[in-house]
Each structure stands twice: as structure tokens, then as C-alpha cells.
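Read through the structure below, which is laid out as C-alpha cells, and then see the notes.
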Amino acid sequence: MNYRRISVLMLLAMLCLATIPYSAAAAKASKKPMLPVTVTIGPTMPGVGEDTLQPGEVVAFTVKATTLADASEMHLEAKLSGGVELVSGTLEWAGPAGKGEEKQISFTVRVPLKGQGSIKATATILREGKRTVKSTAQYVLGKGERVKKKPEYQQKKDSKGRDIVEY
Amino acid sequence: MQRPIHRLGILVIILFAALILTNCSGSGDSAPPPPPPPPITPTGVPYPPASVIATAISDTQINIGWSSVSDATSYNVYRSEQTGTAYTYTVVSGTTATIVSDTTVTSGTTYYYVVSGTNSLGEGPLSAEVGSTPALPSGTLTITGTIKYEDKEYDQSVGHTGNTSLKAVRFAEVELVNASSLTTLWSTRTNSNGVYSISTSTNTGTTVYVRVLSSAAPAGVNTVSVMNLSPALYAVKTADFSLKGETTVNLTIATTNTADGAFNILDVLTSGYKFVETYAAMSTPVLNAYWPRTIGLTYYCDGPVPDSAYCIRGEGIYINKTFDTDEFDDDVLWHEFGHFIASKYSKDDSPGGVHYLDDNTQDLRLSWSEGWGNFFPTAVKFWLNTTAPELLSADPVTPLSQYVDTETGGILLTVNIGAPEPDTCISDNCKYATNEISNANVLWNAMNTPVLGMDKIWEVFDNYLPTLGLSYPVSIENFWDGWLASYPTDSMALHTVFNGRLIDYSADVYETDNTPVTAQSFTVGWGQQHRIYGNGDIDYVRFTVPTTTTYTIRTSNLLNGADTYLTLFDNTGLNVIYMNDNATSQPPLPPNNTTALSSRIVWSLEPGDYYVSVKSSPDKPASAGRYGSYTLTISP
């Protein structure tokens with residue numbers, strides 16, 4: 001009897017699932033096209049973020065790159081600017097990379113004592129000796145000058161009661 | 001007794017008189033009165049009403065009148081704020097009157113009206129257009145001006161070139177604001193040239209300013225708005241000034257103004273609306289764009305319900321602004337607008353997500369959806385180039401088919417949709433139905449083939465694809481089927497366009513081989529390339545085994561979304577020995593991985609004849625297609 005009830009319930013559940021309209025599926029995001037190589041940059045230690053980094057602090061970073069297609073050569077590079085100093089590690093790597101393979105470089109830098117600096121990571125892949133594809137990512141670190149700026153805009157309502165930011 | 005006799009005599013006299021009258025009337029007999037004449041059956045839809053007149057009788061009312069049409073049973077009256085087009089607002093529908101009033105008018109704005117007659121056969125053509133402008137109330141002050149924003153030029157080499165141009169802020173909401181009380185005194189919209197005219201009866205000398213909002217109504221009724229994530233519309237104001245008789249107040253939004261990007265987004269989406277308006281029967285729905293989005297890429301979210309991941313404000317286009325800024329990347333904006341249009345006019349079954357330009361093992365549904373998105377900017381630019389080239393943002397040397405996505409200080413991605421090799425694509429990376437550039441290139445070439453063209457693309461996109469049921473997710477396969485169903489004589493031209501991307505939807509050289517009786521002989525050790533095309537296509541081959549050996553029968557090199565199902569039969573071609581759907585248990589990632597979806601049977605066979613059949617897998621994933629090609633090999 002119990003089995004029969006369970007079977008009936010399962011059948012009803014299946015029917016319910018089968019009758020859910022296609023449009024009832026979760027919303028989807030249709031994203032813009034991407035190149036077949038991706039690169040990311042961030043602190044190696046989890047939990048370290050732009051907000052927690054202090055001027056002069058030494059921080060480990062990792063640049064990761066993945067290629068969607070076989071690349072006869074991948075070139076991974078990080079460029080420091082704006083007072084960011086290299087403490088240890090290497091800022092470059094080159095070599096072949098297989099489809100879906102992740103390559104990375106790690107290094108430590110010192111956060112600028114004054115102002116903001118950045119690390120720009122670039123991954124370039126060469127395919128069949130002909131074509132190069134480049135992808136970049138950037139990480140800003142350091143404290144910007146704390147100049148109290150007058151707000152650029154005022155928050156108001158328009159004639160229909162909608163919120164507006166007025167420049 | 002006298003009275004009854006008297007009454008009888010009167011009755012006889014009356015009946016006699018009635019008889020005489022009846023005969024004198026010429027009817028000849030006493031039959032019932034004739035039936036009413038049958039209703040006049042119209043021979044066609046009514047002619048357009050003539051003598052249409054529109055008269056502004058006050059600052060808030062326009063009366064529209066016309067001469068009645070003999071075979072019309074009712075009339076429809078439509079309105080536009082542009083002459084000669086976009087009669088999307090219905091003043092009245094199905095009225096039997098020949099004069100109606102429009103009280104939803106704003107003084108100082110010119111309205112254009114057309115009238116049509118209807119009868120049982122349908123609605124007749126529109127009448128000639130008449131226009132009328134409700135007068136401004138007496139004693140009003142007028143402010144006119146032009147509102148422009150500064151657009152950034154881009155090319156395919158360096159991204160933004162540093163050159164800029166001023167462009168009209170079109171169809172946008174404009175308000176006259178009391179600078180002291182901040183109340184809105186009057187509101188209107190700019191026209192297609194960015195020109196506005198505001199009237200007010202406010203006292204001379206009042207300090208006011210004009211502001212333009214990042215909300216436009218390019219389709220006449222529905223709005224497209226650009227907001228921040230709060231969400232709040234962007235507004236840019238003029239300096240304060242004092243009201244006086246007639247004043248000219250222009251406004252230019254420079255690139256140094258943070259809100260400038262919002263007005264480029266608005267302008268690009270407005271062009272998208274105008275492009276679609278030339279093909280679509282209905283008015284494009286409301287659209288919100290959210291900028292800046294600092295997490296994730298630029299994307300279109302199709303869900304009306306907000307979620308924490310992507311659709312944080314519900315449906316809309318979310319535009320990225322990090323080091324990869326997209327607010328001046330017209331092609332990226334039109335790509336996402338193309339997704340919006342597909343969701344409103346057609347059917348989009350793509351699972352969405354991240355996708356790469358030269359992945360040729362993509363989900364067929366994703367390839368179509370993104371292919372449409374990649375094609376859409378080129379279609380809008382192609383149209384703009386013939387109608388309003390001053391609205392284009394790319395330098396004149398950059399091809400119309402060039403898709404450019406800039407980033408700060410350079411180019412993130414660029415591809416020529418019309419000729420993707422060799423700059424972006426090599427070998428067969430951008431070929432087959434399973435690649436998004438390939439799908440886009442097919443559409444671009446179809447649009448530019450004289451016998452094909454954008455009208456037919458839109459017809460299939462708008463009228464055929466939405467009719468597909470759940471078993472037929474939208475892909476380039478169904479686009480092909482829909483085109484041939486709608487325009488059978490286009491077959492040759494369409495084949496040429498599709499074959500340019502190695503997409504071949506046609507019977508292969510071994511057809512007809514759909515039964516064991518018509519099976520083609522197969523030489524063991526060789527390979528045969530077949531195509532699965534058409535409903536129920538099954539490819540049979542017959543081969544001979546000379547000595548007892550273990551044979552491997554397999555499909556490989558699956559292209560254009562094929563997913564095979566392999567069956568081995570005995571010498572009758574009827575009794576199944578073994579069957580196989582997928583050669584490995586590997587999940588189909590990427591979706592149309594040619595190994596994961598291929599089939600393989602390894603079996604020890606005794607001497608004799610055998611049959612093998614290959615068909616489209618009945619359990620294929622939604623990412624795969626019904627058609628496609630494969631190579632069949634049988635080897636010891």
C-alpha cells in the first residue's frame with residue numbers, strides 16, 4: 001500500500017516536473033563574447049583583499065591563465081606600476097599550454113607607501129605559429145589620495161517620482 | 001338583435017375595404033411582407049477614408065474627422081509623433097463615428113494621425129496623414145534648444161582613437177525645473193535631432209534649469225532607460241537661468257561628465273529600436289540598461305525576477321565598467337540588445353554563460369544565440385550606414401562587419417564577422433554550426449546576398465522560430481528549416497551561404513540508403529563520410545567478414561552538432577546484434593565534443609555479411625542537433 005502511494009506520489013511529481021513551462025527556468029545571462037584565453041590576478045592568500053592591504057605591506061600574488069585551445073606557446077607576464085615593488089618571484093613565464101590547462105606565476109610585491117599602484121597581467125597565446133591572442137587583467141593596490149571631493153551629482157526625483165542622479 | 005347585426009355589418013365593410021385597398025396596392029396576393037434586403041457583402045477591405053482633418057480645438061484636445069466610407073463598418077484612428085511612420089498609438093479602435101477627440105495631447109507638440117476603415121474582411125489601408133499642434137496657452141514662455149552628447153570614435157587597431165563627435169540625444173525626456181523648489185514645471189521629449197521645446201506659464205524672472213534624462217521613447221510609446229544599480233536614471237542639467245519670452249538653451253554632455261557614457265548607451269539602444277522598427281510589426285517592449293556593473297562581464301539577463309547573481313534588478317542589459325569599459329563599445333551594447341530582441345520577437349533556447357569566439361564544439365543553441373548577438377551589431381551598422389551614417393561611431397575605415405570590444409587603453413577583442421579569417425580565426429575554428437562566428441557569418445552573408453536579405457532573415461526569426469515546440473530548440477538547423485519552408489526557391493543561394501562555413505544540410509552521396517535493402521556496400525578498413533539530414537534519416541551499410549575476428553565499428557569526426565547512434569545487424573539486416581549510443585561515458589563537455597557523442601561497437605564476428613546503421617541519437621542532449629556529419633569506419 002505504501003509502495004503504491006509512493007509510486008503515485010512519484011508519478012505526480014514527475015508529471016508536475018514535466019509540465020513546468022520552459023520559460024519557468026531560472027533567468028539566464030547572455031554574456032558578451034570572449035577570447036579563448038583568460039587571465040586572472042589576485043592575492044595568493046584567500047581573504048586578502050584590496051581593502052585590507054596596507055601601505056608598505058608585502059603580499060603574495062598569483063596570476064593564472066587558461067587557454068581554451070591548444071597553444072604552441074603561451075606567454076604570461078605581470079607588469080608593476082605606480083610604486084609597486086617586486087620583492088621575490090618571477091613576473092614572466094613562457095611555454096606550451098594544452099587546451100583547458102591552467103598556467104600560473106607567483107610573486108610577492110610591496111604595496112606602495114604612498115598613492116596607488118597596479119599590477120597588470122597579460123596572457124598571450126600563439127596558435128599554430130600564426131596568430132596571437134591576448135587577454136589582460138589588472139589589480140589596483142595602495143591607498144588613493146584622500147581628497148574630499150564634492151559629489152559629482154545630486155540625488156533627486158523626477159516629475160514621475162523616479163530616482164535620478166543629476167549631474 | 002339589432003346591435004349584433006350592426007356590428008357584423010361594420011366588420012364586413014372593413015374587410016371589404018381592406019380587400020380593395022390590398023388589391024389597389026398592386027401586391028396581387030395576400031403573401032407576408034417581403035424580407036428585408038440581405039446585408040451587402042463587402043468585396044474587399046474598405047478604401048482608406050478621405051478628407052481626414054485634424055483640428056486642435058484647445059491646448060489639450062485635437063478633434064479628428066473624416067468622410068465615411070461606404071463599405072466600412074467601423075474605423076480605427078492611429079497617432080504618431082513622427083511624420084510618415086510609427087503610428088503605434090491607437091487613439092480609438094472600432095468606432096462607428098466619423099469624428100473623435102484625442103485628449104492625451106501636450107500643447108506645443110505636433111501629432112500626426114491616420115484613419116482606416118474596417119469590415120468583415122479586415123482592416124483597410126491607412127488614410128493620408130494629417131497633423132495638428134495644440135496651441136500653447138496664452139501668455140506662455142518658450143524654451144527651445146538642442147541636446148547633444150560627446151561620443152568616442154573607435155577603430156579596429158587601437159580601440160578608442162581619441163577623436164570625438166557630438167551626437168543628438170534623441171527622443172529623450174527633458175524637464176524644465178524650478179531651481180528653487182525643484183518642482184518640474186514642464187516636461188517633453190527631444191526629437192530625432194535632439195531638439196526640444198518647452199513651454200510654461202510660470203512668471204517671467206523665475207530661476208529655472210533644463211535637464212535631460214537617460215530615458216527615451218524611440219518607438220513612440222515604450223521606453224528605453226539607462227540607470228545605475230540603485231536604480232536611478234541619469235540626468236544632466238544646464239546652468240540655472242531666468243525665464244523670459246523666448247529662450248534658447250542648448251546642452252552638451254562632454255566626455256568629462258561621468259554621465260556621458262549613459263547617453264551613449266541610450267543612443268546605441270535607440271538606434272537598435274529604430275532598426276527593429278523597420279522590420280517588426282509590434283512596438284519593441286520596454287528595456288532597462290544598468291550601468292556601471294563592476295562585477296562580471298556585460299550581459300543581458302532575460303529573467304524578470306531579480307536574483308543576487310546576475311539579474312540583481314531583474315531583466316535588462318548590465319554593462320560592465322572596470323578596466324574593460326563597455327559604455328562606448330557600441331558593438332558590445334548591440335550584441336546584448338540582440339539578445340533582448342531575440343527574447344522578445346523570436347525564441348532563444350541558449351543556456352547562456354561564458355562563451356568563446358573560436359570554440360567550434362559549442363552547444364548548437366548557444367552558437368545560434370551568440371551568433372545572432374554577434375551578427376546584430378553588423379546588421380544595425382549596415383542599416384545605419386544607408387540611413388544615418390552620422391550615427392556610426394567607428395572610424396570610416398573600419399568595416400561595418402567589424403566587431404570591436406575595447407578596454408582601457410586598447411582592444412580586448414575584435415573580429416570581422418564578414419571575414420573572420422585569418423585575423424581572428426584560423427583553420428576550422430570559426431566553421432560549422434557549432435561555432436558562434438560561423439552562425440554570425442552565415443547571417444551576415446545571407447543579409448548581403450541580394451535574393452536573400454534581411455527581410456527574410458527577420459521573417460524566419462520573428463515568425464518561424466517562435467513556433468517551434470520544446471523538441472526543437474532554436475538553432476541554425478531550425479533557422480535553415482524555417483527559411484526553406486518559407487522560401488523554398490532560395491535553396492541554392494542558401495546552400496552557398498551555409499557551405500561557406502562548412503555547414504552542409506543536404507543528402508549525402510550514399511542516399512538513398514535508409515533500409516537494409518538499399519544499403520551501400522562498405523569496404524572494411526576504409527572510411528565513409530555521411531550526413532544525417534532530414535527527418536528519420538538512417539544510413540545503412542553492408543560489409544563482409546572473411547574470417548572470425550574482433551571488429552571495431554565506430555563513428556568519428558562528428559561535425560555540425562551530430563550525435564550518432566550505431567546498430568550492428570546480422571546478415572538479414574533485421575536482427576540486432578548490438579547497439580551503441582555514446583562511445584565513452586564521458587559527459588558531453590564541451591557540449592558537442594566529437595568523441596563523447598560518437599558511437600563505437602567492438603564485437604567478434606564470424607565470417608558472413610553484416611549490416612550497420614547510423615542515425616541521430618534518440619537520446620541526444622539538447623546541445624546537439626538532429627543533423628550533422630560523421631565518418632564511419634569498420635576495421636578488424
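Computed values, structure above
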quantity	calculated
Top-ranked residue in the stretch B:592-622 [being outside any loop (DSSP other than H, G, I, E, B), polar (S, T, N, Q) and closer than 20 Å to residue B:510 by Cβ; ranked as least open to solvent (accessible area, probe 1.4 Å)]	B:613
Qualifying residue in the stretch B:440-454 (condition: within 14 Å of chain A (Cβ to nearest Cβ), surrounded by 14 or more Cβ atoms within 10 Å (Cβ to Cβ) and either of a type in the set (Gly, Ala, Ser) or outside any helix (DSSP H, G or I) (or both))	yes
Selection count where residues are touching a Pro at 6+ places or on another chain (Cβ under 9 Å), open to solvent by 30 Å² or more (accessible area, probe 1.4 Å) and not hydrophobic (A, V, I, L, M, F, W, C), scope the stretch B:38-94	11
Residues of the stretch B:102-129 satisfying the condition of being open to solvent by 20 Å² or more (accessible area, probe 1.4 Å), of a type in the set (Gly, Ala, Ser) and either part of a loop (DSSP other than H, G, I, E, B) or closer than 10 Å to residue B:77 by Cα (or both)	B:108, B:120, B:128
Condition check for residue B:173: surrounded by fewer than 22 Cβ atoms within 10 Å (Cβ to Cβ), within 14 Å of another protein chain (Cβ to nearest Cβ), assigned to a strand (DSSP E or B) and touching a residue at least 24 places away in the same chain (Cβ under 8 Å)	no
Residue within the stretch B:407-426 that is of a type in the set (Ser, Thr, Tyr), in contact with a helix residue (DSSP H, G or I) (Cβ under 7 Å, 6 or more places away or on another chain) and within 14 Å of chain A (Cβ to nearest Cβ) present	no
Strands (runs of 3 or more DSSP E) within the stretch B:514-587 that include 2 or more residues surrounded by 14 or more Cβ atoms within 10 Å (Cβ to Cβ) and aromatic (Phe, Trp, Tyr)	B:538-545, B:564-569
Filter result for residue B:474 (crowded, with 23+ Cβ neighbours inside 10 Å, out of contact with any Cys (no Cβ under 7 Å at 6 or more places or on another chain), within 12 Å of chain A (Cβ to nearest Cβ) and hydrophobic (A, V, I, L, M, F, W, C))	yes
All positions within the stretch A:51-74 that are within 19 Å of the chain's Cα centre (by Cα) and surrounded by 14 or more Cβ atoms within 10 Å (Cβ to Cβ)	A:53, A:59, A:60, A:61, A:62, A:63, A:64, A:65, A:66, A:67, A:68
Within the stretch A:128-148, considering residues that are open to solvent by 100 Å² or more (accessible area, probe 1.4 Å) and either small (Gly, Ala, Ser) or within 29 Å of the chain's Cα centre (by Cα) (or both), the one modelled with the highest pLDDT	A:134
Any chance residue B:235 is part of a strand (DSSP E or B) and either open to solvent by 10 Å² or more (accessible area, probe 1.4 Å) or farther than 25 Å from residue B:345 by Cα (or both)	yes
Residues (within 8 Å of chain A (Cβ to nearest Cβ) and either among the hydroxyl-bearing types (Ser, Thr, Tyr) or open to solvent by less than 20 Å² (accessible area, probe 1.4 Å) (or both)) located in the stretch B:354-372	B:355, B:356, B:357, B:358, B:369, B:370
Residue among B:509, B:524, B:517 that is over 28 Å from residue B:363 (Cα atoms), among the aliphatic types (A, V, I, L, M) and free of Cβ contacts under 8 Å to residues at least 60 places away in the same chain	B:517
Which listed residue, of B:344, B:321, is more than 11 Å from chain A (Cβ to nearest Cβ), open to solvent by 20 Å² or more (accessible area, probe 1.4 Å) and farther than 27 Å from residue B:161 by Cα	B:344
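The values are calculated or read from the model by the stated rules, or taken from the named source; none is laboratory data. What you see is a predicted model, and the numbers here were worked out from it, not measured in a lab. FYI the Cβ positions are ideal-geometry reconstructions off the backbone, even for glycines, and counts take in every protein chain you see. Side chains included, ligands, DNA and RNA excluded: accessible areas come from the protein's heavy atoms. Shrake-Rupley method; radii C 1.70, N 1.55, O 1.52, S 1.80 Å.
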